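The values are calculated or read from the model by the stated rules, or taken from the named source; none is laboratory data. Because the structure is predicted, anything quoted here is derived from the model rather than measured. Cβ placement follows ideal geometry from the backbone for every residue including glycine, while neighbour counts extend to all protein chains displayed. Only protein heavy atoms, including side chains, enter the accessible area calculation; ligands, DNA and RNA are left aside. Shrake-Rupley method; radii C 1.70, N 1.55, O 1.52, S 1.80 Å.
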Amino acid sequence: MRLWKSNLVIISLLVFLLTSFIVCDGNIDTNDGDVDIKDDVTVKDDLCNEKDCKKVDSSDCGCSKNRGETKVLEPEKLVVNEDQEKRSETNRGETILKPDKLVLGDDGQMKRDENNDGDDEKDVVQTVYKETLFHKEDNNWQTFKGNYVKNELVHLGGGTFIMGTDDSPIPQDGEAPARTVILNPFAIDKYEVSNGEFREFVLATKHITEAEKFGDSFVMDYFLAEEINEDIKQAVKDAQWWLPVPNANWKQPEGKGSTIKDRLNHPVVHVSWNDALAYCRWKGSRLPTEAEWEYACRGGKQNRLFPWGNKYKPRDEHRVNIWQGNFPHNNTAEDGCKGTCEVDTFLQNNYKLHNMVGNVWEWVLDWWTTNHSYKPVSNPRGPESGKDKVKKGGSFMCSKKFCYRYRCAARNFNSADSTASNLGFRCAQPLTKPSKVEL
């Protein structure tokens, strides 16, 4: 009897030990010895955290270390400051894991991945549209044939005008105060510099753009091919549509496989401030100052929102290439353009200037500041030094609800070596002797 009881105790103990082992294991191991890793991607350090980044409402430009802009920097990158050279003190900004990656739904439309969404918002269906033009068998940018307008300088007489505004919808951008500025005569390009013109520069000088040196540049996900979008695991915080696309540059604006073959008359993009200045110097010009650019934009009018006046669509006619529809998910393209438009598409003011606002942002000469004097000033050129350069005019990614910067007084900034698919330029030069002045 005692032996039976001893055996029963031993059996109970074995059952208890076996049960404890199963419970602790939790499940059947199907990993063949591999460690169960929840995330196989390392999230990079984010320069857009709350401590370092002051949010900028209505920006279409990502985020930077100190404001709301994407920093695309490389260690010790050259920054040309008109008459001197200096090194950029800020390393290249890193982006973060993209939590709301786009996937292709059963209905053929792009939508946010429900299994990879970091917030509580409902999935938003995005209309599939690809600005990307693929010519995989014929992508020799050096030999593309096509027409593009020959740029020409419009001579302006200068004089006194009111720069800025006291009624800015984006006060943090430093559009105020409205102030008196006096300018000497100068000339400015009638059109934004086109792909065709920039190609001439590259063929003549062998110039390599900073986007090409970096190996990537920022593109809106709306315009990317599915296979490219799926391979990108990073995006800009608070601007998930901005993706760092490998091999995106002026020759292939949406990355590998895209081309400018049918866009020679579109504005060149993915060019940094340094690239733009190099081109203008090759042409015997320079970038316009912010004051010159705004004077040209206003077309002789005072206290007006746009180059043509205050009404967005006078006589129900589109005058500017911006985003129509629900940004960033659907562009109805009521103005005829979903991405960039040709540089001579919209004649906008009495100076015969085209696309001064909308289409692409345009670099200007000045370093960024939001501190402006109320006193009249002659031929201002901005601060002597700084961290970022001014850009003007807004882009095809702007709308009144999102980025109301397609106005003459509007302004924003990027570092001098930043590049993106909505950033271009035009050139200007001073006139020592007024001639052929168009007033």
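Observations on the structure shown:
- Highest-first arrangement of 409-420, 260-271, where packing means the average Cβ count within 10 Å: 409-420, 260-271
- In sequence order, the stretch 412-421 has phi-based couplings of 7, 8, 8, 5, 5, 10, 6, 9, 6, 7 Hz under the Karplus curve 6.51 cos²θ - 1.76 cosθ + 1.60, θ = phi - 60°, and Gly or Pro positions carry x.
- Distance violations [Cα-Cα > 28 Å] among LYS338/LYS387; LYS251/LYS313; LYS251/LYS338: LYS338/LYS387; LYS251/LYS313
- Along the stretch 321-332 the Karplus relation, 6.51 cos²θ - 1.76 cosθ + 1.60 evaluated at θ = phi - 60°, assigns HN-Hα couplings of 9, 10, 7, 10, x, 8, 6, x, 9, 8, 10, 6 Hz to successive residues, with x for each Gly and Pro.
- Inter-label distance, nm, simple model (7 Å from Cα along the C-beta direction), SER373/LEU347: 3.9 nm
- Segments 307-313, 288-294, 173-179 sorted - mean Cβ within 10 Å per residue, highest first: 288-294, 173-179, 307-313
- Couplings for the stretch 351-356, taken from phi via the Karplus curve 6.51 cos²θ - 1.76 cosθ + 1.60 with θ = phi - 60°, read 8, 6, 8, 10, 6, 5 Hz in order; Gly and Pro are left as x.
- Dipole magnitude of the stretch 379-429, debye to nearest 20 (Cβ charges: Lys/Arg +1, Asp/Glu -1, about Cα centre): 300 debye
- Net charge over other residues, Cβ less than 12 angstrom from the Cβ of VAL268 (K, R count +1; D, E count -1): -1
- Residue ranges 335-347, 351-363, 377-389, 223-235 sort as 351-363, 335-347, 223-235, 377-389 when ordered by packing (mean number of other C-beta atoms within 10 Å per residue, highest first).
- For the stretch 228-322, the share of alpha carbon pairs falling in successive 10 Å distance bins from zero is 12, 25, 32, 27, 4 percent.
- Here the relative contact order of the stretch 329-439, from alpha carbon pairs under 8 Å that lie six or more residues apart, stands at 26 percent.
- Accessible carbon and sulfur surface of the stretch 219-264 relative to its total accessible area, %, 1.4 Å: 44 percent
- Listed residue pairs exceeding 29 Å between alpha carbons, taken from LYS261/LYS311; LYS190/LYS301; LYS145/LYS237; LYS283/LYS392: LYS261/LYS311; LYS145/LYS237
- For the stretch 338-368 versus the stretch 197-224, the gap between their alpha-carbon centres in whole angstrom: 19 Å
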